[in-house]
Amino acid sequence: MRVPVRHSLVTRLLVTSVLIAIAATTATAWLATTTATRAINQERGRSLTDDKGVYDMLVEYAATHEDWSAAASLIHERAAALDRRITLTTPDRRLIAESGGGPALDAARPSATVDPLDLDLTLTGGTDRIDPRVVGPYGFTTAERKELRVVAREQRDCVLKQGLDARIEQEPGGRPRVVVSGPDQQAVDRVSLGCQSKLTGYVSASGRRALAELSLAVGTCLKLDDPEQLHVTAAGTMFVAPTDGREPVAVAEEALLTIDSEGKAARNCLDRERRAQLQPYVAPPALLFVTDPRTGADRTTFTLSRDNIVRIVTVTGAVLLATILITVLVGRRLVRPLRALTDAADRQTPVAVTARDEIGHLARALRDSAQRRDRAEAQRRAMVSDVAHELRTPLTNIRSWLEAAQDDLAPTDAQLLNLLHEEAMLLQHVIDDLGDLAAADAGTLRVHREHLRVRETLAHVVDSHRGTAQSSGVTLVIDVVGEPVVDADPVRLRQIVGNLVSNAIRHTPAGGTVTVSAHGATVTVADTGVGISEENLPKVFDRFWRADESRSRSTGGSGLGLSIVRKLVEAHGGTVTVASAPGAGTVFTVALRVPEKD
């Protein structure tokens with residue numbers, strides 16, 4: 001008698017598998033899309049390539065114009081090229097110019113502040129906060145430019161006669177500059193010195209007047225008795241004219257240090273007065289907003305194209321179809337022995353098994369026994385395989401480097417010794433972990449208890465792991481209530497907490513937090529990491545188990561750390577528990593014994 005299709009195990013298994021597959025593929029597709037969107041948004045948020053181009057363009061404009069009246073055309077052209085909305089406002093957010101309408105930007109964060117007299121060094125990558133293109137009163141007349149070009153050509157010809165290459169470049173202020181190149185720096189320096197001209201120190205007539213005004217302003221700022229004694233050069237250096245007839249340069253440093261022992265006040269005065277002098281020649285500071293023209297956000301939201309949607313649907317359908325086919329095949333294979341047992345029962349053979357009699361119970365007991373045996377054998381094989389896997393890589397590396405050294409393919413130097421030492425330390429780490437577990441299994445693991453202050457131990461562990469946490473972008477926090485004391489081995493307790501902290505750091509993404517806390521005899525290590533699924537929680541203390549099946553050290557250590565934690569805690573007479581959920585982080589709680597009162 002055959003079972004109706006609606007009650008068939010194949011049907012139930014098929015329906016269950018299809019529902020699981022649909023849920024899994026839908027969740028996977030959603031997760032992949034969400035993850036990709038977040039990653040691209042983060043990358044676009046961090047990438048300032050387009051924003052920097054807009055910033056450089058507007059800084060150049062501001063450095064060469066006294067207002068923003070002609071900036072609209074530049075903004076429109078760049079916005080069209082980038083498909084972005086570019087808005088320029090005053091510091092109090094009154095509109096100056098924008099490429100197009102859109103949502104209000106009252107609460108938006110500006111991309112940068114455009115001020116050629118106070119550059120954003122994170123965008124420019126330089127060290128000078130005043131843009132070199134701000135010429136102000138230091139520009140050259142047509143006659144002065146002509147004279148400088150003649151001098152530059154003479155200097156270039158002098159260099160060429162010495163057998164080196166030279167070219168004339170134009171600086172932002174209109175001053176020509178001769179760039180010398182040659183086979184070695186000594187020759188370049190020697191020829192450059194021999195062919196020096198007045199290009200570098202030449203100051204225009206208006207520039208000399210501006211320097212005199214600047215010198216007087218800086219001297220007044222420094223509150224000198226005679227501000228006219230202070231002189232500022234075109235290169236930005238300062239000196240105080242001597243009163244004893246000596247050359248100014250000979251006493252420049254000595255005189256300035258007499259006025260300002262560290263030179264900071266003089267430099268601050270010079271920067272402030274330079275900005276005040278150049279302010280009328282540049283456009284006023286403005287806030288720059290580079291946003292999405294549709295949403296007003298400062299980044300563009302990633303959306304799936306039609307091709308990507310079709311691709312995801314196709315892959316999802318293929319996975320679903322493959323799941324159905326595999327489920328049917330597996331289901332038929334599972335049903336075949338049941339049908340054989342049913343036929344044997346119809347023939348009244350001794351192998352008849354039902355779920356309602358002793359034979360059925362025996363069959364289930366035998367099945368359970370076989371499953372336990374298979375699990376034990378699988379665990380044994382997995383442990384042997386894992387031990388071999390953990391030992392094979394460092395041994396192979398050591399052997400490869402030694403053979404390379406024997407064949408003179410690698411130098412026998414400190415670098416090779418360091419490599420061999422690192423691999424040997426990996427072997428030692430695995431062997432030590434296995435030794436601790438073997439001692440725990442044999443009941444020979446000993447702990448030397450004493451009255452231990454928990455705060456000092458946790459602080460030591462946190463300090464030793466702070467460098468690893470910082471390199472991973474994880475914040476490490478310690479929180480101890482009062483001054484708890486426990487009955488524990490100090491070395492083993494550091495090992496317990498250290499294993500938990502390193503495990504938490506490893507599974508916490510950048511920007512997360514790992515908190516080590518203690519209250520009474522309870523020590524807790526909590527993280528804001530990826531979490532552990534409910535079905536994997538019972539496995540976290542198994543040997544060589546990792547959530548990442550690839551068993552890579554980049555996502556896990558030797559796979560023995562948590563097993564050692566459990567054994568060490570049990571050796572102390574305590575307990576260790578774990579609570580976690582995917583995406584909600586993980587909390588390990590270690591409960592130790594409180595010292596008995598004398």
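The values are calculated or read from the model by the stated rules, or taken from the named source; none is laboratory data. None of the values given here were measured: they were computed from a predicted structure. For neighbour counting, all protein chains shown are included, and Cβ atoms are generated from backbone atoms with ideal geometry for every residue, glycine included.
Quick notes
- Residue in the stretch 102-109 that is outside the structural domain of S181 (by TED's automatic domain parsing), in contact with a helix residue (DSSP H, G or I) (Cβ under 9 Å, 6 or more places away or on another chain), farther than 30 Å from R190 by Cα and not acidic (D, E) present: no
- Taking the stretch 506-523 as the range and being touching a strand residue (DSSP E or B) at 6+ places or on another chain (Cβ under 6 Å) and of a type in the set (A, V, I, L, M, F, W, C) as the test, the residues that pass are V514, V516, A518, A521, V523.
- Residue match in the stretch 121-129 (condition: under 30 Å from the mean Cα position of the chain (by Cα) and among the small types (G, A, S)): yes
- Test: residue in the stretch 453-476 that is in contact with a helix residue (DSSP H, G or I) (Cβ under 9 Å, 6 or more places away or on another chain) and at pLDDT below 80: no
- Considering each residue of the stretch 256-266 in turn, none proves to be at negative phi, of a type outside the set (D, E), part of a loop (DSSP other than H, G, I, E, B) and modelled with pLDDT of 70 or more.
- Just one of the listed residues (G296, G317) is modelled with pLDDT under 80 and within 30 Å of P91 (Cα to Cα), and it is G296.
- Residue within the stretch 137-144 that is modelled with pLDDT of 85 or more, farther than 23 Å from R190 by Cα and within 46 Å of the chain's Cα centre (by Cα) present: yes
- Members of the stretch 61-78 that are crowded, with 16+ Cβ neighbours inside 10 Å, without any contact (Cβ under 8 Å) to a residue 24 or more places away in the chain and over 25 Å from P280 (Cα atoms): none
- Test: residue in the stretch 185-202 that is under 28 Å from R274 (Cα atoms), of a type outside the set (D, E) and without any contact (Cβ under 8 Å) to a residue 40 or more places away in the chain: yes
- Filtered residues of the stretch 582-598 (kept if surrounded by fewer than 13 Cβ atoms within 10 Å (Cβ to Cβ) and over 13 Å from R449 (Cα atoms)): P582, G583, K597, D598
- Answer residue from the stretch 81-101, given it is out of contact with any His (no Cβ under 9 Å at 6 or more places or on another chain) and in a loop (DSSP other than H, G, I, E, B) and is surrounded by the most Cβ atoms within 10 Å (Cβ to Cβ) among those: R84
- Considering only residues in the stretch 168-184 that are more than 18 Å from A235 (Cβ to Cβ) and surrounded by 14 or more Cβ atoms within 10 Å (Cβ to Cβ), the one that is modelled with the lowest pLDDT turns out to be G182.
- Selected residue [in a helix (DSSP H, G or I) and either at pLDDT below 85 or not small (G, A, S) (or both)] from A187, A104, A108: A187
- A36 being at pLDDT below 90 and in contact with a Leu (Cβ under 6 Å, 6 or more places away or on another chain): no
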